[in-house]
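J.: Take this structure first; my questions come after.
The values are calculated or read from the model by the stated rules, or taken from the named source; none is laboratory data. Just so we're clear, the structure is a prediction, and the values are computed from it rather than from any experiment. Note: ideal-geometry Cβ built from the backbone for every residue, glycine included; neighbour counts use all protein chains shown. For the accessible areas, the whole protein counts, side chains as well, though only heavy atoms, and no ligand, DNA or RNA atoms are used. Shrake-Rupley method; radii C 1.70, N 1.55, O 1.52, S 1.80 Å.
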Amino acid sequence: MEFLDVVRRRKMVRSFTDEPVDPDVVRRVLDVARRGPSAGYSQGVEFVVVTDPATRAAIAEPGREMFEQLQRPDFVAQAQVHVVICVSPEIYKGRYREADKQQVVSEIDEDALWVVPFWYTDAGAAMTLLLLAAVDEGIGAAFVGGLEADDVRTLLGIPAEYIPVGIALLGHEAPDAKTWGDVAAAGRRPRRRYDEVVHQERW
């Protein structure tokens with residue numbers, strides 16, 4: 001698929017079928033996601049791929065009541081693949097303590113250096129690549145946050161130094177998926193115009 005077609009077709013799918021996702025497709029999607037930009041080439045983004053039904057159900061359980069109240073499909077529970085995107089701030093901080101990076105940042109206070117936490121920037125880049133790769137593979141995808149980090153760490157054995165940022169959901173789009181817009185029932189919002197978000201030379 002042409003790149004611009006992939007970008008234009010990318011959307012958050014909020015209803016999935018129960019058809020399994022080919023493991024080779026999942027691997028290709030993750031292989032794209034791991035190739036995102038990385039501050040200092042720190043490569044501090046890692047992924048936990050969950051396909052076990054019982055584990056996926058446990059991940060989805062905290063949101064079950066909300067979906068019941070909204071009378072909407074529980075697309076978290078439906079998705080056949082959960083990809084938990086994790087980051088380690090310490091990997092980044094350790095990388096920037098290395099000699100080559102110290103030549104550039106040694107005069108910068110550590111708090112000032114990380115006023116923008118680049119591990120989250122990298123996690124967002126990885127998530128975007130994952131969503132685009134899913135489109136290219138012909139499957140549906142979405143992303144959810146708001147995780148109880150400690151619960152997810154315990155459930156999946158994630159080391160304490162890693163932060164579970166959110167979950168990318170992979171599956172086959174259900175026929176009714178277009179019916180369901182924003183999960184909070186906010187309705188469809190138009191995309192802001194180019195000239196509203198792009199500022200030439202100055203704000």
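J.: With every protein chain left in place, what is the accessible area of Thr154 in Å² (1.4 Å probe, nearest 10)?
T.: Around 120 Å² of this residue is reachable by solvent.
J.: In whole percent, how big is the carbon plus sulfur part of the accessible area of the chain, probe 1.4 Å, protein atoms only?
T.: 51
J.: Measuring from centroid to centroid over Cα atoms, what is the spacing of segment 1-32 and segment 161-182 in Å?
T.: 11
J.: If you don't mind, there's one more thing I want to ask. Looking only at Ala54, Ala77, Ala174, which one moves most when the chain is put into a Gaussian network model with springs between Cα atoms under 10 Å?
T.: Ala54
J.: For Lys178, give me every one of the lysines with a C-alpha distance below 25 angstrom, ignoring sequence neighbours fewer than eight places off in its own chain.
T.: Excluding near neighbours in sequence, the set is Lys11.
J.: To continue, here is another question. Would you kindly state how much longer the chain becomes between Arg188 and Glu90 on full extension, computed as 0.36 nm times their sequence separation minus their alpha carbon distance, in nm to one decimal?
T.: Net length gain for the segment: 31.3 nm.
J.: Just the number please: accessible area per residue for the chain, 1.4 Å probe, all protein chains included, in Å².
T.: 62
J.: Check the straight Cα-Cα distances from Lys93 and name the lysines below 18 Å, setting aside those fewer than 8 residues away within the same chain.
T.: Lys101
J.: At what distance in nm do the modelled label points of Lys11 and Ala149 sit from each other, each positioned 7 Å from its Cα along Cα→Cβ?
T.: Rounded to a tenth, the inter-label distance reads 3.4 nm.
J.: Follow-up. Kindly provide the GluC sites (Glu not before Pro) of segment 34-139 that DSSP labels as loop, not H, G, I, E or B, and whose Cβ sees at most 15 other Cβ atoms within 10 Å.
T.: Glu98, Glu107
J.: Let me ask you something else. So, R0 is 30 Å and r is the distance between the beta-carbons of Glu19 and Gln43; what FRET efficiency does that work out to, to 0.05?
T.: About 0.35, to the nearest 0.05.
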